[in-house]
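Since every read-out is calculated from the coordinates, none of them should be taken as a lab result. Being a predicted model, the structure only gives us computed values, none of them experimental. Note that we place each Cβ from the backbone using ideal geometry, even for glycine, and neighbour counts take in every protein chain shown.
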Amino acid sequence: MAASAVVQGNARQYSENQGKIMKIKMSVLAASIAMAMSAAVMADATQQSPGGNTNPSSTFQSSRDAIDAMAGFNGNASNAAESFIDQTGDNNNANVLQSGNQWSRVTQQDDGNLARVRQQSGTDNESVISQQDDGNLAKVSQAGYRNDSIVSQEGHWGHAYNGAHVMQNGDLNDSYILQEGWANRANVNQQGDQLDSDILQDGGFNQAVVSQSGYGHDSYVSQDGFSNRVNHTQSGGWQNFAQTMQNGVGNVANVTQY
């Protein structure tokens, strides 16, 4: 009953946080329009079978370094699975479900953060979640061989409420999400092998969605400002590359490559 009460309490708090987000969002959007910080821009790009390899902007150097540092398997090979959870504050909730030779670390500070890690299939998968400020939500699900996921969320102004969802299925996939600000949303779905996704968002109410399937695709997203949106969809075996960098308010970019 105690565990159920905690979960229900977190659910109520998360619902209340969503109400706060909507109030903050209306205020921010009104202020943004009044200040004319940026005009809305929409861009679409569709390519078929481009192929090739391209290096990302130096903006993503720190994320690439962090992913490279996780290369191989950092867990203790003699243990079936390892989980490290460190929580400071009130009403934080961490749930880790692992089977096999898996490794995860969850660090949460402040109040009302939720972290979910599921690594039940495959081996040598690694997940790192770090959340600061209030009401952040991170969910990571990995299956296969040596998939790596890093989620780091922290915020100011409206005190966070960022949300990140990562699903990876296959071998040697990498996902990096860093959200600084509040009420940002990032969703990564990678089904295949050697797929890379880096997302860095700063500001408020930005949204990034990355969906990749096949082999060897790279996706890089950087958004700074408010209410910007990016959608990267890549498939096939041609090692597609997509990079979108947006700064301002209300920008929209859609990339589809197959």
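Details
- For region 112-223: rounded, prolate or oblate by the Cα gyration tensor [a/c cutoff 1.5]: oblate
- Dipole in debye (nearest 20) - region 97-246, about Cα centre, beta carbon charges: Lys, Arg +1; Asp, Glu -1: 460 debye
- Modelled FRET efficiency - R0 41 Å, E82 with Y258, Cβ distances, 0.05 increments: 0.60
- Convex hull volume per residue, computed on the Cα atoms of region 100-140, equals 48 Å³.
- Taking N as its residue count, the alpha carbon Rg of region 60-125 over 2.2 N^0.38 Å: 1.26
- Backbone amide hydrogens, once placed in the peptide plane, bring Q131 within less than 5 Å of T107, Q108, Q109, Q153, excluding anything fewer than 5 places away on its chain.
- Per-residue Cβ neighbour rank within 10 angstrom, fewest leading, R64, R118: R64, R118
- Peptides 127-135, 141-149 ordered by packing proxy, namely the average of other Cβ atoms within 10 Å per residue, highest first: 127-135, 141-149.
- Phi-derived couplings, Karplus 6.51 cos²θ - 1.76 cosθ + 1.60 at θ = phi - 60°, listed residue by residue for region 139-152: 10, 10, 10, 9, 9, x, 10, 6, 8, 10, 9, 10, 10, 10 Hz, with x used for Gly and Pro.
- Tensor-based shape of region 55-191 (alpha-carbon gyration tensor, a/c under 1.5 rounded, otherwise prolate or oblate): oblate
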